[in-house]
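The values are calculated or read from the model by the stated rules, or taken from the named source; none is laboratory data. In this text the structure is predicted, and so the values were computed from the model without any measurement. Cβ placement follows ideal geometry from the backbone for every residue including glycine, while neighbour counts extend to all protein chains displayed.
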Amino acid sequence: MKRNLCSILFGCMLAADVCAQGVQVQFQNKTGTGETGGSPVTNSATGHRVDGREGWVAALYYGPVGMPENLLVPLGGIAQFTSPGFFDGGTVILPLVPATLQVRVWNSIRFPNYRAAVDSCSDLSGKSKAFVLEAPPFLPPGGLVGLRSFNLLPCDRITASIAFAQPGVTICWTSQSNAVYRVEYSAELKPDGWSVLVADVAGTGSATCVPDRAAPDQQTRFYRVLRTSTAP
């Protein structure tokens, strides 16, 4: 019963015994990632790779394929940065494969976890793009295939506004010139009820705006603007 439940709930594509036991992966970013030579993390404030002596740590988040990143849950313990840009959290057991994964980094000296760091909006934090880790035999040993380099970013308090603009509405927000944003919408305020209106919008350093021409067809529509990364 437990194995069948695992397969039903998580969509595990492996045999039931593998699903029940999980798959071992190395929670580190020096080898076996999406980039040759590893996928280092950089501090955007200094331009240097993240230094573990300053208190930076990493955590691995996971969920079923297709799960929104805001619903991913932490997996395993905290990884320390053992050399500039590179962390190593040892072996972790991934309960389901394929799975959506994401690495998040914050300063453990000032905050107990990633969420506290983000909510404070008073320090740098960072997260990788969410990626899918496939099941064996496609899972090579040594790392997190699909993980890419990413930056620690300062908090960006986003002030947004909505204006009617026939045949729909226009969403505008304060943006940074070196940042990339995503605009999402929802018919109701639920954690898993958001859909992407437009992704990969480059900031302008002032007000950035996008239209939603489908808005008049909806009785109620909420919007939110998220910063996803620095511009390439």
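Observations
- Within region 82-110, the set of residues being farther than 21 Å from residue 23 by Cα and in contact with an Asp or Glu (Cβ under 7 Å, 6 or more places away or on another chain) comprises 82, 84, 107, 110.
- Which numbered condition residue 65 misses (of (1) surrounded by fewer than 18 Cβ atoms within 10 Å (Cβ to Cβ); (2) touching a residue at least 60 places away in the same chain (Cβ under 8 Å); (3) not in a loop (DSSP other than H, G, I, E, B)): (3)
- Residue within region 149-164 that is more than 30 Å from residue 222 (Cβ to Cβ) and of a type in the set (A, V, I, L, M, F, W, C) present: no
- The residues on offer are 106, 173, and the sole one that is out of contact with any Leu (no Cβ under 6 Å at 6 or more places or on another chain), outside any loop (DSSP other than H, G, I, E, B) and either closer than 17 Å to residue 44 by Cα or of a type in the set (Lys, Arg) (or both) is 106.
One line per residue, one yes/no per condition, for (1) in a loop (DSSP other than H, G, I, E, B); (2) at pLDDT 95 or above; (3) loosely packed, with under 15 Cβ neighbours inside 10 Å; (4) at positive phi:
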residue: 96; (1), (2), (3), (4): yes, no, no, no
residue: 123; (1), (2), (3), (4): yes, no, no, no
residue: 126; (1), (2), (3), (4): no, no, no, no
residue: 132; (1), (2), (3), (4): no, no, yes, no
residue: 137; (1), (2), (3), (4): yes, no, yes, no
residue: 140; (1), (2), (3), (4): yes, no, yes, no
residue: 151; (1), (2), (3), (4): no, no, no, no
residue: 161; (1), (2), (3), (4): no, no, yes, no
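- Top-ranked residue of region 105-117 - restricted to ones that are surrounded by fewer than 17 Cβ atoms within 10 Å (Cβ to Cβ) and either within 17 Å of residue 182 (Cβ to Cβ) or under 16 Å from the mean Cα position of the chain (by Cα) (or both), ranked as modelled with the highest pLDDT: 113
- The residues of region 183-232 that are among the basic types (Lys, Arg), modelled with pLDDT under 90 and surrounded by 13 or more Cβ atoms within 10 Å (Cβ to Cβ), listed by number, are 221, 227.
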